[in-house]
Structure formats: structure tokens, C-alpha cells
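Okay, so here's the structure we're looking at.
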Amino acid sequence: MRILHTSDLHLGATLEQASLEDEQSRFLEWLFLTLQEDRVECLIIAGDVFDTGQAPARAQGLYYRFLQRCSGLPALRKIVVVGGNHDSASQLDAPAPVLQSIAVQVVGGLSSDPAGWDRALIPITDTKGHTEAVIVATPYIHESRLGVGRIAGEGVDSEHTRTFFQAFEDFYTELARRALASYGQVPLVGVAHLTCLPAAQKLRDDDFKTDLHQVGALGALPPSIFCEDYAYVALGHIHRSFAVERGRVWYSGTPVPIRFGEARTPRQVLLVDIGEEVVVTPRRVPEFRALLELQDTPEELERLVGTRTWESPLPPYLSIESRVEITRPGTLDRLRERINEQFTPEERPRIIAFREVLTGDSEVSEFGEARTIDLDTLTPDRLFTRLYRSQNQGQAPPPEIQQAFASLLPRDDAPLELPMENAQPSLEDI
């Protein structure tokens, strides 16, 4: 049986307020064609279908149109969707009865009552109705659902650690036992949305969008929580694609980068062939829009943007860091003018993140020599004068403006605390 494993679609996400709808729509088109061409029999989406619990209507439209379109694929027997920590479990589960009519099985959430856990067991049958495999589809589960209280703080002892991990191991072992008891000795495919890493592996900065749910103060869950009855485990939550354990436990990663850091590594989905052996084949997702991080001087940035060509079908999003001397602000305006001059609206890159880093203060000495002054040596009034000159064609501030600025500066003999009747609110009070 051939499975395609993906996760963390984050439909409706934005990058620095810039829409990602076009590239997410193109990904779903590419995914449909991949399911068709590779004759995939089961599609697994391992959580974080949407970016927020209150998904916008346009994002929901992408999702439901994709599911409806997939219902016409002759080889595809089942689509399995589980909820992630970004999803609303109730929102995903609400249309589940309707989606079952087009072979889409959704498990948005599970209750803490073990009597309801059987809904996570999803058999995959052949044309004769024989069960070929069982998908054990578990959504994001807070540890409290397993009867374990949160462990907070430093110095968690080993006994608490074992108790915590054991709760998750018992949960997945119990589901495997139920699946085998109900459907016989068939391959089990686990689906989970959580942080799972062996002790030797560490998280990276580009592994997630927001802080990952980890187990209290204990870090990641070990892959040993999944017993050997599972032939393959499809994970979601971490945004990088990699094998957690011996090729049996995998993260597929997010297919469309939603942070600049994610664009530094290729995006992919996983084709999983389950037979006598399990064969995992990464399939690279095309780059629909480049996310470029540029860092240099204003002149070099203009040259880079002007000479670069874009292979992706959508114009890139740029994150710019301009390193300039304090006397030469205005990189952003000049760069935008250069971009507007050199590119048509259809191919024009868009600056969505910008930072100007001041590197020093250059001035001319009485002998006409340029000298550089370290920013650490600048006094507030001198810095104000330089800034005023940069905004007023080199003119020095008039005496009355200079005096007004000086009146704002603290005096050396000023008291450390204001009298209570004159006290101003602190940041904590606002």
C-alpha cells in the first residue's frame, strides 16, 4: 500500500502580514497531481491543517475544495486528517460525518475517556473489503487528557520523567492492541502531532513557527513511546523533514515555508510504501515563491536585487538588513525605487521585512579628512545634531531647538526618584 505523508499546511498563514494563499493554493494543486501520478492509496495530513483555530473562510475554502477534488481519484482509498495544536478540534470534527461520504476520515480531537479512543482506528480496505492496514490517527493531545498533571520548573526528577513518558507509551500501546484485536495482524500506521526526538537530536531554530508543545519541563518525547507494532509513524508539529528513528518514525515538515528560516532547506512530502518492508521516499515540493534574506550595504543590496533572477513562478518576498552609517538613512526608500524601476508589477519582489543597522558616524575633521566615530562615544546631543542634519539638508539645528532637546536630557544632579505626586506611570502600569 502506498501512503503520502504530509503535515503542517498552516492554511491561512501570513508571513510578516504578507499573504501565503497563492503558494499554498499551488501546493495543493501540485499535491493533487502527485497523488494522481503516483497512484497514492492513502493521504495522511498529520495536523496543523490551519494556522489558527478560527481559520479564515478563504483558507477553509482551499481545504474543502481540495478534499472534494481528491474524491475523484480512482486509486485514493482514504484521506486521514488529524488536528494539530494550531487547529480547532471542534472546527475540524464538525463536518466529519459529511466528509466520510467522500472517504475523508477526520479526528480533530480525542476525549480523555478511553471509551472514545476507538474513533482513532481507521481501517484501509481493498476492493473486496479486506483490511490491508490500520491507521492509528491521533491528534494533538495535551498530557492532561492522559491523566498526567503538568510538570513545571527545573530539576524534574527521573521518577516523574518515567511516569510522564510512560503515560504516552501506554496510550499508543493500548491503541495498537485494540487495532490488532479488531482487525488482525495487519500493518499499523501511527499518526501523531507532538514533539518526538531521540536524546541525541536537538531542535533547530527553523523547526517550528511558534514555541513547540513539549512535555512540561521534560523536553521532547522519546520515539520509544511507539511500540514495534507500528510499521510506520507519520508525525507532524516540527517543520523540518527528517527520520526520528531508524526510518520508521518520520516528520514530513511543512510543505510551504511560513518563516524565512524554513526556506533555507528544501520542503518535501514523504511517499511511504508498506509491504514486507517499509520504504520511505522523500518527494521534493517545488518552490512556488522564493523567500530571500539579504544583508549588506545599501549599494550592494541594490546591485543584488537588480541582477538577481527569479525561477519561482511567484515574485519573491525579501527580508532586508541594510548596514549603513548613521549619516545615510533612507535605504528602504531608495531600494523600493530601484525595484520599481527594474521590475514589472508581475515580477516585482516585495520587501516584507526590513531592518536598518547603524554602523557608525562619519564626519569631516577641520583638516577635511573623513573620520569614523564609534557609536559608543556619541553623546545624546551630538547624536541629535547628526540626525537633524540628515533630515534638513545638512543644516544644524537652531539654538531654540537645541535648547528644547537639551531640556529633555536628565541632569547629573537630578534626584533618582520623583516625588509621589509627580510620579509618572511605569511600563508595568500601562
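The values are calculated or read from the model by the stated rules, or taken from the named source; none is laboratory data. All figures in this text were calculated on a predicted structure; none of them were measured in a lab. Heads up, the Cβs are rebuilt from the backbone with ideal geometry, glycines too, and the neighbour counts pull from every protein chain shown. These area figures cover heavy atoms from the full protein model, side chains too; ligands, DNA and RNA do not enter into them. Shrake-Rupley method; radii C 1.70, N 1.55, O 1.52, S 1.80 Å.
For Gln268, list long-range residues whose amide hydrogen, built 1.01 Å from N in the peptide plane, is under 5 Å from its own amide hydrogen.
Val285
Ranked from highest to lowest mean number of other Cβ atoms within 10 Å per residue, what is the order of the peptides 38-49, 348-359?
38-49, 348-359
How do the peptides 161-170, 277-286, 337-346 rank, highest first, by the average count of neighbouring beta carbon atoms within 10 Å per residue?
By packing density, highest mean first, the sequence is 161-170, 277-286, 337-346.
Karplus couplings for the stretch 285-291 from phi (6.51 cos²θ - 1.76 cosθ + 1.60, θ = phi - 60°), rounded to Hz, Gly and Pro as x?
8, x, 8, 8, 8, 6, 10
Compute the semi-axes of the equivalent ellipsoid of the stretch 253-353, taking the square root of 5 times each eigenvalue of the Cα gyration tensor, and list them largest first in whole Å.
Over the Cα atoms of the stretch 253-353, the ellipsoid semi-axes are 37, 15, 9 Å.
May I ask you to compute the full-extension gain from Leu383 to Ala243, defined as 0.36 nm times their residue separation minus their alpha-carbon distance, rounded to one decimal in nm?
45.1 nm
Calculate the tail of P(r) for the stretch 1-103: the fraction of all Cα-Cα distances greater than 20 Å, expressed in %.
35 percent
Given Cα positions, please report Rg to Rh for the stretch 228-311, the hydrodynamic radius being the Kirkwood one.
Ratio value, two decimals: 1.17.
Beta carbons within 10 angstrom, averaged per residue: use that to sort the peptides 298-310, 3-15, 100-112, highest first.
Ranking the peptides 298-310, 3-15, 100-112 by packing returns 3-15, 100-112, 298-310.
Could you go through the stretch 49-65 in sequence order and give the Karplus-derived ³J(HN,Hα) for each residue, using 6.51 cos²θ - 1.76 cosθ + 1.60 with θ = phi - 60°, rounded to whole Hz, and x for Gly and Pro?
Karplus-based 3J(HN,Hα) across the stretch 49-65 equals 4, 10, 7, 9, x, 9, 5, x, 4, 5, 5, 4, x, 4, 5, 6, 5 Hz.
When the accessible area of the stretch 98-145 is computed with all protein chains present and a 1.4 Å probe, what percentage of it is carbon and sulfur?
Of the solvent-accessible surface of the stretch 98-145, carbon and sulfur hold 50 percent.
Pull up all non-local amide H partners of Arg323: gap of 5 or more, or a different chain, and H-to-H distance under 5 Å with H placed in the peptide plane.
Amide H to amide H, under 5 Å and 5 or more residues apart or across chains, Arg323 pairs with Asp296, Thr297, Val357.
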